[in-house]
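Bear in mind these aren't lab numbers, they're just calculated from the coordinates by the rules spelled out. This is a predicted model, so every value here is computed, not measured. In this analysis, Cβ positions are derived from the backbone assuming ideal geometry, glycine residues included, and neighbour counts consider all displayed protein chains.
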């Protein structure tokens, strides 16, 4: 065969060769549903931790994975609407940041993998069959908040031994909130605390609840990071100081915003674990076979400025146990 014909044959053959498998592989699409947007500093910091952890498994934003971010921004009535929108986009996996997000997405799909971050009792609300073998399309990281209630109430009594009444906002439309309320009432009985619960799902209900607290004057106010309280936390913190209420939460950011104390799983640790689970699913694993992770590291944050404003002296031993003290 002449050289010119051979080159021509090779040229045709090279053109006919398929592109590399890497070039052909479609970019994975990961949807994220949360309450607060990426413009929130706390969310942005957590997201950077997530991306760095995911990159360790070879998944890099813009190269082989892209993200679709959605946030309700303090409007819980939008969870179902946004969940339906995300499911319609048929992403590879959907990340949900709390129980309400998880419930909304799970109501829309039983096939697209869901990686939850934060639900306190995923078995109790029916998301999974067991931690070891979730069994459906949901896996992820549970906060197991109910398991820490005894320690939380013990801290409250250390700070204010005379405490006997605690106000608590809950969401009757949220299965996780209903379970937490039951666990809280049961645990409180052992510490001589009466729980005064108020259903709060709207801003108007929150205003009414704060007015009632101003009149009834409980000793303690527990604020969970649920809407609408989450988006009005600085206002609630100022209200609590004005009315001399000891405040407790499970969200460190709320303590930095003015509440007194929090005890919660370390957010960065949960974020890294969730990223590792997402990587497993992107690599072909099924959520039904991926164990739901539980927190192993808890952190306590105390706002000493708030303590001083309340006239409280934080015991030195409790201060020594704190992971962060705000002064």
Quiz item: Using a Gaussian network for the chain with springs between C-alpha atoms less than 10 Å apart, which of these wobbles most: 246, 86, 51?
Solution: 51
Practice problem: Assuming a ≥ b ≥ c are the square roots of the Cα gyration tensor eigenvalues, decide whether segment 269-319 counts as rounded (a/c under 1.5), prolate (otherwise, with a/b larger than b/c) or oblate. | Solution: prolate
Self-check item: Ranked 138, 156, criterion: other C-beta atoms within 10 Å, fewest first
Solution: 156, 138
Quiz item: With axes computed from alpha carbons, what is the tilt in degrees of helix 267-282 against the longest principal axis of the chain, rounded to the nearest 10 within 0 to 90?
Solution: 30
Exercise. For the chain, find the longest principal axis of its Cα atoms and tell me its angle to the long axis of helix 79-88, 0 to 90°, nearest 10.
Key: 10
Quiz item: Just 122, 265, 26 to compare: in a GNM of the chain, with alpha carbon springs under 10 Å, which one fluctuates most?
Solution: 26
Quiz item: So how tilted is helix 3-16 from the main axis of the chain? Cα-based, degrees 0 to 90, rounded to 10.
Solution: 30
Practice problem: Let me have the relative contact order for the chain, percent, based on Cα pairs under 8 Å that are six or more residues apart. | Solution: 17
Quiz item: Please state the relative contact order of segment 126-195 as a whole percent: Cα pairs under 8 Å, 6+ residues apart?
Solution: 30
Quiz item: Remind me, relative contact order of segment 27-162 in percent, using alpha carbon pairs under 8 angstrom and six or more residues apart?
Solution: 22
Quiz item: Roughly speaking, what is the centre-to-centre gap between segment 201-226 and segment 251-311 when only Cα atoms are used, to the nearest Å?
Solution: 24
Exercise. Let me know the shape class of the chain, please: from the alpha-carbon gyration tensor, a ≥ b ≥ c as square roots of the eigenvalues, rounded when a/c is under 1.5, otherwise prolate if a/b is greater than b/c, or oblate.
Key: prolate
Quiz item: What does the helix-only formula give at 222 nm for the chain: each DSSP H stretch with n ≥ 4 adding -39500 (n - 2.57), the total divided by the residues, and the result rounded to the nearest 500 deg cm²/dmol?
Solution: -12500 deg cm²/dmol
Quiz item: For segment 37-105, what is the Kirkwood estimate of the hydrodynamic radius, computed as the reciprocal of the mean inverse distance between distinct Cα atoms, to one decimal in Å?
Solution: 13.3
Quiz item: With a ≥ b ≥ c the root eigenvalues of the C-alpha gyration tensor of segment 140-255, is it rounded (a/c under 1.5), prolate (a/b larger than b/c) or oblate?
Solution: rounded
